[in-house]
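First up is the structure itself, then whatever we jot down about it.
The values are calculated or read from the model by the stated rules, or taken from the named source; none is laboratory data. Just so it is clear, the structure is predicted and the values come from calculations on it, not from any experiment. With ideal geometry, Cβ positions are generated from the backbone for all residues, glycine too; neighbour counts draw on all protein chains shown.
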Amino acid sequence: MRTRHTPHSLSGFPVYSSAFLSENELVLGGGGGTAKAGIKNKLRLFHVGPERSLEILGEVELNIGEDAPMSMAADKTARTIVCGVNSTIQNIEKGSNENCRVYTLKDNIPVSLRTRGTIPTSDPSDYQATEPIHTENEIYDATFSGSTIVVVTTRDFRVYSLPSSPEVRQTPSSKKSKGKGKNTKSASHPLSPKLELLHQASSTGPRPKESSHDISRYHPTDSTILYTTVNTTSPRTKKAKTPQRQSFIYKWDTKTWTVEKSRKVGDRALTCFDIPLVTILKAHDFPPTTIAFNPTSTLLITGSADASVRVVSVPTAIGSGPSWTITLLVLLAILVVLLAIPAQRYLA
């Protein structure tokens, strides 16, 4: 269905990640990556106006040589941001990649709180593809479900168990840290949790080697189901001028970590996905790299490496006015009446 949407050009700022901190506070991550092109990697905070306008409130530049924020999620209660940012190539090759980073806001400026390496690899081309947030019982972690963390890279995903110790799970954002007494010291200096690797699997499943994984999402109500996206590139043939690209969605059983079902999405690479509510014919010149809903799903933003953002007003009800079901029933009732009139005359 058609809806209102407004494009915004962000000169010199390719967008790769996004997250809403509130109804109208939007954080964007982007930049030129590790390429020495003079485009700085940044985190930017914007205010989204009532008519889908964008006003920059503050920004922070990342260290020279680091990658752009390729993934992002926000804890709206603690007002913190979790990003996937690769360290410099030199540090990655040494095995020291502090890719998982937590930021908080101070005077509308993102300020680094702590960092953690979650990708045990020395390959600079590997990066953190997703960064979801899970909040449960005052726990603040980058995770998919209540008991596990799934760390996703472009090649595979690793499933870790969450530590259950209350001392380990306490964080500065916990309500307990605001009180006085025994909890104050431990809350101010949270212990670093040690994660136990439960499982590691190829995120491309049964697809060929020329495949790459981008996104994973747990089922919203069933933690035994995990969905992943896979993009494939078929070998070039004599008849085909360019390699054929296809995208798939896998459904995983997290009890056995096997692929239950797979479905082809299209003949192009799938770069981001979420629940589709509206359709826009052309959002960006380049493929979208990130999408995000605000907390009440009244706004949707899409970003792209073409340095553009589009703000979309999501309708309060899909198909405003009477629902299609009611409309169909009314039409059927009218049809029955029209058929009943000649039938009654015939029987008379």
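Just a few scattered comments:
- Strands (runs of 3 or more DSSP E) lying entirely in the range 206-255 (those with 1 or more residues that are hydroxyl-bearing (Ser, Thr, Tyr) and modelled with pLDDT under 80): 211-218, 225-233
- Among the residues making up the range 87-118, those that are among the polar types (S, T, N, Q), more than 18 Å from Leu26 (Cα to Cα) and either touching a residue at least 60 places away in the same chain (Cβ under 8 Å) or in contact with an Asp or Glu (Cβ under 7 Å, 6 or more places away or on another chain) (or both) are Ser87, Thr88, Thr115.
- Selection within the range 77-86 - in contact (Cβ under 8 Å) with a residue 60 or more places away in the chain and more than 20 Å from Gly303 (Cα to Cα): Thr77, Ala78, Thr80
- Top-ranked residue in the range 30-76 [being touching a residue at least 60 places away in the same chain (Cβ under 8 Å), part of a strand (DSSP E or B) and not acidic (Asp, Glu); ranked as surrounded by the most Cβ atoms within 10 Å (Cβ to Cβ)]: Gly30
- Residue within the range 299-322 that is outside any strand (DSSP E or B), over 27 Å from the mean Cα position of the chain (by Cα) and either surrounded by fewer than 11 Cβ atoms within 10 Å (Cβ to Cβ) or at pLDDT 85 or above (or both) present: yes
- Lone qualifier among Ile326, Ile334 - being part of a helix (DSSP H, G or I), exposed (fewer than 14 other Cβ atoms within 10 Å of the Cβ), at pLDDT 60 or above and not acidic (Asp, Glu): Ile334
- When the range 86-135 is filtered for residues that are of a type in the set (S, T, N, Q), modelled with pLDDT of 80 or more, out of contact with any strand residue (DSSP E or B) (no Cβ under 6 Å at 6 or more places or on another chain) and assigned to a loop (DSSP other than H, G, I, E, B), the ones remaining, listed by number, are Asn86, Ser87, Thr88, Ser96, Asn97.
- Note on the range 8-37: among residues that are within 16 Å of Val312 (Cα to Cα) and among the charged types (D, E, K, R), the one that is modelled with the lowest pLDDT is Glu23.
- Any chance Ser11 is surrounded by 15 or more Cβ atoms within 10 Å (Cβ to Cβ) and of a type in the set (Gly, Ala, Ser): no
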